[in-house]
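In what follows, a structure is listed as structure tokens, so that the remarks can point back to it.
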Amino acid sequence: MQLLKDTATRHLTHLATRQIWDGGNGQALQSAAKELSVTISVVEHSLAGHAETFRQLEDERPDALIVSDWTSLWVRRQAIYDFAIRYRKLIIYP
């Protein structure tokens, strides 16, 4: 998180499921972001809604993406990478 702050990142989006966001890892990210005065939000990912997920990411306009290690997201890593390249976003995978 400090690395992101050092790169002038102010708004992060965590691409994850609600379960991950509400769990220990999501809570740790939220706590670290608050401590560093960085805004973090979640865009929920589901197996059925890849197109909707990318539309939400476009609307969010984050400086960087933190992608959870959920298997479905790993399978979609090329689409996530393409999104990041198109919109010039940083991506972090845990």
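Read-outs throughout are calculated quantities, based only on the coordinates presented, and are distinct from any laboratory measurement. What you see is a predicted model, and the numbers here were worked out from it, not measured in a lab. Cβ placement follows ideal geometry from the backbone for every residue including glycine, while neighbour counts extend to all protein chains displayed.
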Measuring from its Cα centre, segment 13-90 shows a charge dipole (+1 at each Lys and Arg Cβ, -1 at each Asp and Glu Cβ) which, in debye to the nearest 20, is 200
In whole percent, the Cα-Cα distances of the chain spread across 5 Å bins from 0 upward as 3, 14, 28, 27, 19, 9, 1, 0
Contour minus Cα-Cα span, Glu44 to Gln19, at 0.36 nm per residue, comes to 8.1 nm
Ordered by fewest other Cβ atoms within 10 Å, a rough proxy for footprinting exposure, His45, His50 read His50, His45
A correct Karplus calculation of ³J(HN,Hα) over segment 70-84, with 6.51 cos²θ - 1.76 cosθ + 1.60, θ = phi - 60°, whole Hz and x for Gly and Pro, returns 5, 3, 4, 6, 5, 5, 8, 4, 5, 5, 5, 4, 4, 4, 4
Quick calc: nm separation of the 7 Å Cα→Cβ label points for Glu35 and Ala84 -> 2.4
